[in-house]
1. Collect the residues in the range 79-94 that are within 10 Å of the chain's Cα centre (by Cα) and crowded, with 22+ Cβ neighbours inside 10 Å, keeping them in residue-number order.
2. Scan the range 32-56 and report the pairs whose first residue is on the phi > 0 side of the Ramachandran plot and whose second residue is surrounded by 13 or more Cβ atoms within 10 Å (Cβ to Cβ) and not in a strand (DSSP E or B), with Cβ atoms within less than 8 Å and a gap of 6+ or a chain change.
3. Looking only at the range 42-57, count every residue that is under 17 Å from residue 31 (Cβ atoms) and assigned to a strand (DSSP E or B) and tell me the total.
Amino acid sequence: QVQLVESGGGLVQPGGSLTLSCEASGFAFSTRLMAWHRQAPEKERELVASIGITGYYTNYADSVKGRFTISRDNTKNTVYLQMNSLKPEDTAVYYCNTLVDGRNSWGQGTQVTVSS
């Protein structure tokens with residue numbers, strides 16, 4: 001059974017930083033592309049960043065390029081999202097995501113609120 005458990009969200013002031021973690025289990029983590037998505041209130045869920053199986057290839061939404069960094073540790077079955085220079089518009093629930101056996105799997109999400 002695929003499980004994705006996010007952590008690390010919270011309240012942060014504009015310009016601050018947070019690091020999200022997603023611990024995975026129930027599948028061969030090192031063979032799967034991993035991604036972070038987010039969903040703000042009354043908005044559609046959007047892709048924030050994705051990372052290839054070795055961590056060499058990464059992709060970012062234009063809105064977070066230069067501020068966010070996705071990484072993974074295949075020895076810990078964990079993917080991370082380092083978020084710097086946070087803005088109020090980054091406020092959202094952040095979800096970890098992967099595709100296993102043709103099926104999209106999601107974590108429960110972690111809330112990130114950027115506010116003074």
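1. 79, 81, 83, 94
2. Within 8 Å, the pairs are 55/74.
3. Number of matching residues: 2.
One line per residue, one yes/no per condition, for (1) farther than 16 Å from residue 110 by Cβ; (2) at pLDDT below 95; (3) open to solvent by 80 Å² or more (accessible area, probe 1.4 Å); (4) of a type outside the set (A, V, I, L, M):
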| residue | (1), (2), (3), (4) |
| --- | --- |
| 28 | yes, no, no, no |
| 44 | yes, no, yes, yes |
| 48 | no, no, no, no |
| 51 | yes, no, no, no |
| 60 | yes, no, no, yes |
| 63 | yes, no, no, yes |
| 69 | yes, no, no, yes |
| 72 | yes, no, no, yes |
| 75 | yes, no, yes, yes |
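The values are calculated or read from the model by the stated rules, or taken from the named source; none is laboratory data. Just so we're clear, the structure is a prediction, and the values are computed from it rather than from any experiment. Please note: Cβ atoms are built from the backbone with ideal geometry, for glycine as well, and neighbour counts cover all protein chains shown. Side chains are part of the model used for accessible areas, which takes the heavy atoms of the whole protein and leaves out ligands, DNA and RNA. Shrake-Rupley method; radii C 1.70, N 1.55, O 1.52, S 1.80 Å.
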